[in-house]
1. Arrange 168, 119, 206 by Cβ neighbour counts within 10 Å, fewest through most, would you?
2. Per 10 Å bin, what is the whole-percent P(r) computed from every C-alpha pair distance within region 68-132?
3. Under the Kirkwood approximation applied to all pairs of distinct alpha-carbon atoms, what is the hydrodynamic radius of region 5-128 in Å?
4. Please arrange 51, 18 by how many other C-beta atoms lie within 10 Å of their C-beta, fewest to most.
5. I want to verify a result. In a Gaussian network model of the chain, Cα cutoff 10 Å, which of these has the top mean-square fluctuation: 11, 248, 204?
6. Looking only at 147, 192, 205, which one moves most when the chain is put into a Gaussian network model with springs between Cα atoms under 10 Å?
7. Pop a pseudo-label 7 angstrom from the Cα along the beta-carbon direction at both residue 242 and residue 41 and give the gap in nm to one decimal.
8. Can you report the principal axis dimensions of the chain using only the alpha carbons, biggest first, rounded to whole angstrom?
């Protein structure tokens with residue numbers, strides 16, 4: 001596949017954790033990747049090098065998706081650099097800086113988490129979707145695809161981080177809304193819903209989750225890994241789920257079974 005013919009994925013929050021796992025799997029699948037990061041340029045450059053070692057092209061761009069101007073610059077850079085966006089992966093997300101009981105939560109934390117986890121991807125998708133419609137109309141891409149990486153927190157109560165749960169529940173509805181609106185253009189929109197994944201975010205509660213997993217919280221008694229999420233996104237990127245728009249793909253070791 002020539003460089004010019006390779007599809008392009010824009011992956012937000014791709015410098016570490018789940019985003020890194022997604023970016024590497026997409027490179028293995030035949031995509032060139034725009035690695036977005038918020039602050040850790042060194043980590044982003046490391047992912048860029050790993051992608052290059054896989055024979056794909058990667059560019060990096062620092063932008064907080066909570067910021068409107070930064071979002072626009074991110075999309076402009078991707079289009080100016082690659083000339084196309086075939087796949088958007090809304091992966092960037094943050095946890096509250098402090099876990100606070102629901103009765104003590106602050107508006108500042110709420111606004112910060114919602115800005116990155118919900119408002120940012122909601123409006124980034126709006127911009128990218130319009131660009132995909134244009135690219136499809138001009139026959140510059142054969143298909144557009146959009147993925148939202150949410151969380152089991154979209155339906156699981158954690159009263160000490162309510163803003164995070166609300167942001168992921170809202171993001172799940174954004175999938176349904178965009179899947180409905182973009183169906184006429186043949187752009188599938190899917191949700192990948194991770195469970196307990198080994199990342200920097202979950203490292204602060206590792207001991208607790210080790211215990212819960214050992215006690216049988218998950219039918220598959222192991223932590224999820226970023227590459228587990230990456231493989232799910234890669235399947236979507238290949239077109240394996242193009243007729244499944246609006247679908248939730250749980251990658252959670254069976255947590256969603258809600259067994260007694």
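1. So the residues, fewest neighbours to most, are 206, 119, 168.
2. Percent of Cα pairs in each bin: 19, 42, 23, 13, 3.
3. On the way: mean 1/r = 0.0677 Å⁻¹.
Kirkwood radius, region 5-128: 14.8 Å.
4. Values: 51 25, 18 31.
Result, fewest neighbours first: 51, 18.
5. 204
6. Judging by the Gaussian network model, the answer is 205.
7. 3.9
8. 51, 39, 36
We did not get these values from a lab; they are worked out from the coordinates using the rules stated. On a predicted model such as this, the values are computed, not experimentally measured, just so you know. Positions of Cβ are backbone-derived with ideal geometry, glycine not excepted, and every protein chain shown enters the neighbour counts.
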